[in-house]
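Asker: Below: one structure in structure tokens.
The values are calculated or read from the model by the stated rules, or taken from the named source; none is laboratory data. Just so it is clear, the structure is predicted and the values come from calculations on it, not from any experiment. Cβ atoms come from the backbone with ideal geometry, glycine included; neighbour counts cover every protein chain shown. With ligands, DNA and RNA removed, areas are computed over all heavy atoms of the protein, side chains included. Shrake-Rupley method; radii C 1.70, N 1.55, O 1.52, S 1.80 Å.
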Amino acid sequence: MRLWFAPERLREEGDTPDYRFSLANERTFLAWLRTAMALVGGGFAVDQFLPETGRPLRLALALILLAAGALCALRAISHWVRCERAMRRGEDLPASRFPIALGLAVGVVALLMVIVAAFGWGG
């Protein structure tokens with residue numbers, strides 16, 4: 001976690017990778033941040049635009065999306081550092097289960113929102 005706040009310390013490890021790989025890693029980081037912002041926006045949208053849905057269900061769906069957005073943003077930092085370190089060391093890039101978990105969480109919330117919208121549950 002110390003590298004989160006001092007990424008210049010990464011230069012102390014291994015060799016400098018081809019800049020194209022570092023830039024690709026940065027683009028991936030930015031894509032994760034866009035995903036995080038979309039999840040946070042979705043959480044606020046669920047809370048604001050499903051007023052006919054019962055408060056507990058609406059709040060649960062919104063909080064799941066907001067938490068997923070926060071986790072996604074934090075995971076973006078961690079993944080960027082881990083990949084940059086692996087490239088500098090000449091190691092394989094780290095595998096991650098987070099994209100699968102995030103995809104499943106978003107899919108479940110989307111399915112619940114379809115059910116709520118179609119059947120008017122929670123109101």
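Asker: Consider region 1-32. How many of its residues are under 30 Å from ALA110 (Cβ atoms) and buried (at least 16 other Cβ atoms within 10 Å of the Cβ)? Show your work before the answer.
Answerer: Step one: filter region 1-32 for residues under 30 Å from ALA110 (Cβ atoms), giving 24-32.
Imposing the further condition that a residue be buried (at least 16 other Cβ atoms within 10 Å of the Cβ) reduces the set to 25, 29, 32.
Total meeting the criteria: 3.
Asker: How do the pairs read when you match residues in region 74-87 that are open to solvent by 20 Å² or more (accessible area, probe 1.4 Å) with residues anywhere that are among the aromatic types (Phe, Trp, Tyr), using Cβ under 6 Å and keeping only pairs 6 or more apart or on different chains?
Answerer: Taking only residues 6 or more apart or on different chains, the pairs are ARG75/PHE98; ILE77/TRP4; TRP80/PHE29; MET87/PHE21.
Asker: When you check ALA36 against the structure, is it of a type in the set (A, V, I, L, M), open to solvent by 80 Å² or more (accessible area, probe 1.4 Å) and over 20 Å from ALA118 (Cα atoms), yes or no? Please lay out each step first, then the result.
Answerer: Numbers: of a type in the set (A, V, I, L, M): yes; open to solvent by 80 Å² or more (accessible area, probe 1.4 Å): no; over 20 Å from ALA118 (Cα atoms): yes.
Criteria not met by ALA36.
To keep it simple, each residue is scored yes or no on (1) over 30 Å from GLU8 (Cα atoms); (2) of a type in the set (Phe, Trp, Tyr).
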residue: ARG55; (1), (2): yes, no
residue: LEU63; (1), (2): yes, no
residue: GLY69; (1), (2): no, no
residue: ALA73; (1), (2): no, no
residue: TRP80; (1), (2): no, yes
residue: GLU84; (1), (2): no, no
residue: ARG89; (1), (2): no, no
residue: ALA117; (1), (2): yes, no
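Asker: Give GLY123, GLY54, GLY90 a once-over and let me know the one that is at pLDDT below 90, open to solvent by 60 Å² or more (accessible area, probe 1.4 Å) and small (Gly, Ala, Ser).
Answerer: Working: GLY54 fails: open to solvent by 60 Å² or more (accessible area, probe 1.4 Å); GLY90 fails: at pLDDT below 90.
Testing whether each residue is at pLDDT below 90, open to solvent by 60 Å² or more (accessible area, probe 1.4 Å) and small (Gly, Ala, Ser) leaves just GLY123.
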